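As structure tokens, the structure follows; a few thoughts come after it.
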Amino acid sequence: MSSLASIQSYFTDRTISIAPLITFRISFGALMAYGAIRFILNGWIEKLYLEPSFFFKFYGFEWVTPLGETAMYAVFVLLILSALGIMLGCFYRLSAIGFLWCFTYVELIDASNYLNHYYLVCWLSFWLIFLPANRAYSIDAIFKPSLKSSQIPAWCIHLLMLQLAIVYCCAGIAKLNADWLFRAMPLSVWLPEHSHWPIIGYFFQFQETAFLFSWIGALYDLTIVFFLLNHRTRPLAYMAVIVFHLLTAMLFNIGLFPFIMILSTLIFFPAEFHQKLLGGFRDLKIQSTYQYPTKIKRWLYPSFALLLLLQLALPFRHHLYDGNILWTEEGYRFSWRVMLVEKNGQTTFHIKDPKSNKKT
């Protein structure tokens, strides 16, 4: 029992510099504010939520419907303000709750708008509600100096690492199928569309390139976390993260996902790295430690453990259903199946006038 207690103490009581969490808070908030502004400027509120008369619903959330034009714009303004609140650490807890509420509401309106990185954003913003990310380098700490802490429980950083590890590893496991590995699908379809690129575009027309990209993609997802955890391989691993995600951003229209992963993966770097990024901010030099109250820890730890287990279980729920998940898509969402399918459909409608029996 003593060894078990010591292991538990290592993960729950050990402290670490708050610097990585500060970097994460700032980059996440800034990126989310940019994403919401981009959504408005591209006219996607009208296209996705105001113009359609029919929406596909998530099971159990059929009651979630879009608001009127003014209210939908108000929701996105709140998204921007709450994201900036997270970034600046201003009314931080309220900002994190407001962002999660608004973002989740928008995503639940129509299941056809689902993207893996929207699901990831929901989880990251949820974790931020409970993490003490405003206790340094924040407006909250300026106006309330008693908040300032330079040390936080190490699990606060490890929780975000684990969240990213779940995304990568589940995405890699999902690629271990015959279509991806032995048919190079759907990359065999996608890559030739970019054969007009200068220099490297020439190689995209070959089947061998699609196979190479498929295997490298699977290996990358399955191994990158382990290389990031090792201090010797971390710098090269992060270069691979940048190259991999920038390439996918250029090749495929997957929104902010590559940039979310590039910035979030900085959490794997040690505190000294983040302290340099933050310019040696004096709050980080204050020798003070934040610890969660015992009453909160009693329900926080088991609750977080259950939520992480749920995330690990959901990607494999498709084994409970008949058929190939790539065709039926039962259990496809919320399972980090990134860029695995390409589907196109064509429908012909015949209209019959009941009075004249005329068909068109």
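If you take the square roots of the eigenvalues of the alpha-carbon gyration tensor of segment 64-141 and sort them as a ≥ b ≥ c, do you get rounded (a/c under 1.5), prolate (a/b over b/c) or oblate?
On the way: a/c = 3.08, a/b = 1.65, b/c = 1.87.
Since a/c reaches 1.5 but b/c is at least a/b, the shape of segment 64-141 is classed as oblate.
Positive-end ranking of 226, 270, 30 along the dipole of the chain, with charges on Cβ about the Cα centre, is headed by 270. Rolling a 1.4 Å probe over the protein heavy atoms of segment 203-360, with every protein chain left in place, gives an accessible area that is 64 percent carbon and sulfur. Overall, the accessible surface of segment 26-124 at a probe of 1.4 angstrom is composed of carbon and sulfur to the extent of 72 percent. Of the trypsin sites (Lys or Arg not before Pro) found in segment 119-220, those that fall in a DSSP loop while having at most 15 other beta-carbon atoms within 10 Å are 183.
Shape class for segment 154-287: prolate, because the ratio a/c of the largest to smallest gyration tensor axis (alpha-carbon atoms, square roots of eigenvalues) is 1.5 or more and a/b beats b/c. When each of the peptides 219-231, 115-127 is scored by the mean number of other C-beta atoms lying within 10 Å of its residues, the order from highest to lowest reads 115-127, 219-231. Whole-Hz ³J(HN,Hα) for each residue in segment 241-249, computed from phi via Karplus 6.51 cos²θ - 1.76 cosθ + 1.60 with θ = phi - 60°, x for glycine and proline: what do you get? Taking θ as phi minus 60°, the curve returns 4, 4, 4, 4, 6, 5, 5, 5, 5 Hz for segment 241-249.
Take peptides 313-321, 23-31, 186-194, 262-270 and line them up by average Cβ neighbours within 10 Å, highest first, as a rough protection proxy.
On the way: 313-321: 13.3, 23-31: 21.6, 186-194: 17.0, 262-270: 19.2.
My ranking of the peptides, most packed first, is 23-31, 262-270, 186-194, 313-321.
Summarising the label geometry, the points placed 7 Å from Cα in the beta-carbon direction at residue 299 and residue 329 lie 3.8 nm from one another. Against the set (1) 23.0, 86; (2) 21.1, 79; (3) 20.9, 66, the structure's computed Rg and Dmax of the Cα atoms in Å falls on (1).
Taking GluC sites (Glu not before Pro) across segment 32-115, the ones in a DSSP loop with at most 16 further Cβ atoms lying within 10 angstrom of their Cβ are 62.
So what is the accessible area of the chain per residue, in Å², with the probe set to 1.4 Å?
Values: 19570 Å² over 360 residues.
Per residue, the chain has an accessible area of 54 Å².
Between the C-alpha center of segment 313-333 and that of segment 164-200 there is a gap of 19 Å.
Less than 5 angstrom separates the built amide H of residue 16 from those of 152, 154, all sequence-distant by 5 or more or on a different chain.
The values are calculated or read from the model by the stated rules, or taken from the named source; none is laboratory data. Just so we're clear, the structure is a prediction, and the values are computed from it rather than from any experiment. Cβ sites come from the backbone with ideal geometry, for glycine too, and all protein chains shown count toward neighbours. Side chains are part of the model used for accessible areas, which takes the heavy atoms of the whole protein and leaves out ligands, DNA and RNA. Shrake-Rupley method; radii C 1.70, N 1.55, O 1.52, S 1.80 Å.
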